[in-house]
Amino acid sequence: MEIANYLTALVPTDNLLDFWQNNEQLGIYPHLCQLAKLHLSTSAASVPVECLFSTTGLIANSKRSSLSADRLHKITFIGQSDLFLART
């Protein structure tokens, strides 16, 4: 229901942060506001980036030197997505 209401609403594209902050205060899209916070926020720490580099380094080693960049990107994305889903 929340997604259907959002899809039919007129969403301004000039300032999405204000849109989500206002809707959070009004309680219109509570679940979507939580998702927006996760995806529109910037991490102040370098830990996520270091974790990504570490994961990629473990995958792209000398035994897997024939992996294409596209395949490496997909494997890393899946691994990071699994870690994200495990935390939520």
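Tabulated data
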{"item": "Charge dipole (debye, nearest 20) of the chain; +1 at Cβ of Lys and Arg, -1 at Cβ of Asp and Glu", "result": "560"}
{"item": "Added length on full extension, which subtracts the Cα-Cα distance from 0.36 nm per residue, S81 to Q25", "result": "17.3 nm"}
{"item": "FRET efficiency for T8 and L67, using Cβ-Cβ distance with R0 set to 41 Å, rounded to 0.05", "result": "0.40"}
{"item": "Computed lengthening from C51 to M1, 0.36 nm per intervening residue step minus Cα-Cα distance", "result": "14.4 nm"}
{"item": "Net charge over other residues, Cβ less than 15 angstrom from the Cβ of D18 (K, R count +1; D, E count -1)", "result": "-1"}
{"item": "Estimated [θ] at 222 nm from DSSP helical runs (n ≥ 4, -39500 (n - 2.57)) normalised by residues in the chain, nearest 500", "result": "-21500 deg cm²/dmol"}
{"item": "Largest-first ellipsoid semi-axes for the chain, taking √(5λ) over the Cα gyration tensor eigenvalues, angstrom", "result": "36, 14, 12"}
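No lab work stands behind these numbers, since they all come straight from the coordinates. On a predicted model such as this, the values are computed, not experimentally measured, just so you know. Positions of Cβ are generated from backbone atoms using ideal geometry, with glycine treated the same way; all protein chains shown enter the neighbour counts.
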